[in-house]
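Reading through the C-alpha cells given below for one structure.
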Amino acid sequence: MSWVKWRGKELIDRMESAAATAVMDTANAVGAESDQQVPHDEGTLQQSKTIMANPADKTKVNIGYGGGGQSGFPVIPYAVKWHEVPANFQKGRKHNYLRDPINNVAPRELKKNLKKAIQ
C-alpha cells in the first residue's frame, strides 16, 4: 500500500460528521425519554426543552429544560427544583427527569447511533 493515496483528512471529516450525527440523534432520544418523565401540569416545563449543538464543535450537544440563556424561553424558576427534589408528581412523572434518561438511555442509543452513522 502506498501512502500517496492516504486520505486521512477525508476519513477524519467523515468520522467527525458521523459522530456529530450520532450525538444529535442520541440527544433527541434522551429528550424524548425525558419528555415522558418531566413533571407535567400545564406543559410549560416540558415545552421549554432545548437541544442545541455547539456551533464550534458539533460533537457536543446541550440539552436542558427551564429556559434562559440562548434557549429563547424565559427562565422557569422551578425547573431545577423539580429536577432535584422528589415530590408526589402526577401521571407517573418524577424528579431527575433529565439525569435518569442520560444515564439509562444515552449509552445504548449512542452506541446504536454511532454504528448507524458510520455505515
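The values are calculated or read from the model by the stated rules, or taken from the named source; none is laboratory data. The structure presented is a predicted model; accordingly, all values stated were derived computationally and were not measured. Cβ placement follows ideal geometry from the backbone for every residue including glycine, while neighbour counts extend to all protein chains displayed.
Just one residue in the set Gly72, Gly31 is small (Gly, Ala, Ser) and at positive phi; that residue is Gly72. When the test is whether a residue is among the basic types (Lys, Arg), closer than 24 Å to Lys116 by Cα and under 19 Å from the mean Cα position of the chain (by Cα), Lys9 does not pass it. Checked against the criterion of being at pLDDT 95 or above and either within 21 Å of Ile102 (Cα to Cα) or of a type in the set (A, V, I, L, M, F, W, C) (or both), the candidates Ala53, Ala32, Ala79 yield just one match: Ala32.
Quick one: count up the residues across the range 61-119 that are loosely packed, with under 12 Cβ neighbours inside 10 Å, touching a residue at least 12 places away in the same chain (Cβ under 8 Å) and in contact with a His (Cβ under 9 Å, 6 or more places away or on another chain). Residues that pass the stated criteria total 4.
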